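Structure first, commentary second.
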Amino acid sequence: MSRLLITGGAGYIGSHSAVVLSKIGHQVVLYDNLSNSSRAALENLDQIVGQHMPFVKGDVRNTELLASTLASHSIDAVIHFAGLKSVGESTDKPIDYYANNVQGAISLLQAMQMQRVTTLIFSSSATVYGNPQYLPLDETHPTSATNPYGRSKLQIEEMLRDVAKSDPNWRIACLRYFNPVGAHESSLIGESPTGIPNNLMPYIVQVAAGQQATLSIFGDDYPTPDGTGVRDYIHVMDVAEGHAAALDFLSKTNGWHAINLGTGNGRSVLEMVDAFEKASGRKVPYRVVARRVGDVAECYANPHKSDQLLGWKAARNLDDMCASSWQFHKATGLAVSQ
Ligand code: NAD
Ligand code: WQD
């Protein structure tokens, strides 16, 4: 079992991954600047795993603090979730995105090099495929970026590939997540975006809860079976388990690897509304509005490589994703009666 540093460990995917990795016996240290998360999430994490997880409050651009954390906890491997993730915001604040994401990754690599820690899992995204040229998306699909967020992910992936080429000690996996949704079964941790959500699932949840009046569906004239956008929604606990499988894989393999974490199933916006209504017993009123700029019609994974290399496949279904999102939202006390 390894001693792991999880950057961004107080956030949505990082916290679920911390639970999975800790439960299977890894020793986990969390590192986060809490810019998009809270101490409450850390307390809930401790409650789920039944022990205190060491936490360091710090920015990934603080190379010295990272290096001293790696040394003092004798860290064997790093899982790097920390970063900014809003596509729209990245267009308004590109410097913040390159600073947090790209500069943050450089700082982490410098700290790791200093302490001779050479195993790294990086949170990449299906956004690195740009506009799909074919579907389903496999890892050999050409990469490109359509916004600063996506470009920051792509730049980090390319940087990591150079790093792995420079020295055979490096073991690096770039996990390209599709659309993570859902929450841990305890309902103690989950996705709680601040302000009005940008993404579909948290928006649907707020409509079902009566916090937003209607869902705006961004276009119903796409060349898809029902005209609405199609994505590969994947349960966050499946994504978390993918990290455990990737860590195991890296213990046996060196080099640089890009691997999709998706289900391979494309679901339309209307299918998501329908599934959520069934899982929650609530209505999700919607209206169709214009397409959102930058959206693609369809995006879903070819999950073959993760199955082959990691022996990992998404196991949870759409009902699990919707039901756990709803349970988490209710547990936070934000749902109003309908
Ligand atoms: P999140 O915002 O919930 O978690 C990110 C965490 O990183 C937060 O706790 C935040 O406080 C912390 N953080 C941000 N900048 C930091 C910095 N400079 N130093 C230290 N900590 C910092 O986001 P998430 O959804 O859990 O995403 C985790 C990673 O996965 C991100 O890198 C994101 O780009 C990537 N990703 C997310 C999705 C998604 O749909 N959620 C999809 C693909 C990839
Ligand atoms: C899904 C579908 C929308 C909201 C984004 C990022 C991507 C990745 C995941 C990190 C689309 C439609 C949405 C709404 C709607 N993140 N929609 N009404 O666009 O696949 O990806 O999050 O890497 O980089 O771009 O996810 O949840 O925003 O949208 O109709 O209010 O739902 O048009 O078809 P997307 P999403």
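The single residue among S90, S187, S86 that is more than 15 Å from ligand 1 (Cβ to nearest atom), within 19 Å of the chain's Cα centre (by Cα) and more than 29 Å from S251 (Cβ to Cβ) turns out to be S187.
Taking (1) open to solvent by 30 Å² or more (accessible area, probe 1.4 Å); (2) touching a Lys or Arg at 6+ places or on another chain (Cβ under 8 Å); (3) within 9 Å of ligand 1 (Cβ to nearest atom) in turn, Q27 satisfies each apart from (3). Within segment 289-313, if we keep just the residues that are in a strand (DSSP E or B) and under 23 Å from A183 (Cβ atoms), the residue that is least open to solvent (accessible area, probe 1.4 Å) turns out to be A301.
Restricted to segment 116-139, and to residues there that are under 15 Å from R171 (Cβ atoms) and outside any loop (DSSP other than H, G, I, E, B), the residue that is most open to solvent (accessible area, probe 1.4 Å) is T119. Taking the stated definitions as given, is H80 within 16 Å of ligand 2 (Cβ to nearest atom), buried (at least 19 other Cβ atoms within 10 Å of the Cβ), farther than 20 Å from S187 by Cα and not aliphatic (A, V, I, L, M)? Against the criterion (within 16 Å of ligand 2 (Cβ to nearest atom), buried (at least 19 other Cβ atoms within 10 Å of the Cβ), farther than 20 Å from S187 by Cα and not aliphatic (A, V, I, L, M)), H80 qualifies.
Rundown of residues vs (1) at pLDDT below 95; (2) in contact with a Cys (Cβ under 8 Å, 6 or more places away or on another chain); (3) open to solvent by 50 Å² or more (accessible area, probe 1.4 Å), yes/no style:
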{"residue": "M1", "(1), (2), (3)": "yes, no, yes"}
{"residue": "G9", "(1), (2), (3)": "no, no, no"}
{"residue": "I13", "(1), (2), (3)": "no, no, no"}
{"residue": "K23", "(1), (2), (3)": "no, no, yes"}
{"residue": "K57", "(1), (2), (3)": "no, no, yes"}
{"residue": "E64", "(1), (2), (3)": "no, no, yes"}
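The residues listed here are S90, S107, S37, S74; of these, the one that is assigned by TED's automatic domain parsing to the domain that holds L160, in contact (Cβ under 8 Å) with a residue 60 or more places away in the chain and within 23 Å of L175 (Cα to Cα) is S90.
Of all residues in segment 224-262, those that are open to solvent by 30 Å² or more (accessible area, probe 1.4 Å) and among the hydroxyl-bearing types (S, T, Y) total 2. The set of residues from segment 190-215 being closer than 25 Å to L42 by Cα, open to solvent by 40 Å² or more (accessible area, probe 1.4 Å) and of a type outside the set (S, T, N, Q) comprises E191, P193, G195, I196, Y203.
Being at positive phi and within 10 Å of ligand 1 (Cβ to nearest atom) holds for only one residue in G14, G8, and it is G8.
State whether the residues of segment 216-223 include one that is near ligand 2 (Cβ under 10 Å from one of its atoms), open to solvent by less than 10 Å² (accessible area, probe 1.4 Å) and either in the same structural domain as R176 (by TED's automatic domain parsing) or farther than 23 Å from P132 by Cβ (or both). No, there is no match, as no residue in segment 216-223 is near ligand 2 (Cβ under 10 Å from one of its atoms), open to solvent by less than 10 Å² (accessible area, probe 1.4 Å) and either in the same structural domain as R176 (by TED's automatic domain parsing) or farther than 23 Å from P132 by Cβ (or both).
Test R316 against the stated conditions and say whether it is in contact with a helix residue (DSSP H, G or I) (Cβ under 6 Å, 6 or more places away or on another chain) and open to solvent by 60 Å² or more (accessible area, probe 1.4 Å). Yes; evaluated as a whole, the condition is true for this residue.
The values are calculated or read from the model by the stated rules, or taken from the named source; none is laboratory data. The model shown is predicted, which means the values in this text are computed figures rather than measured ones. Glycine also receives a Cβ, built like all others from the backbone with ideal geometry; neighbour counts cover every protein chain displayed. The protein model used for the area step is the full one, side chains on, heavy atoms only, and it has no ligands, DNA or RNA in it. Shrake-Rupley method; radii C 1.70, N 1.55, O 1.52, S 1.80 Å.
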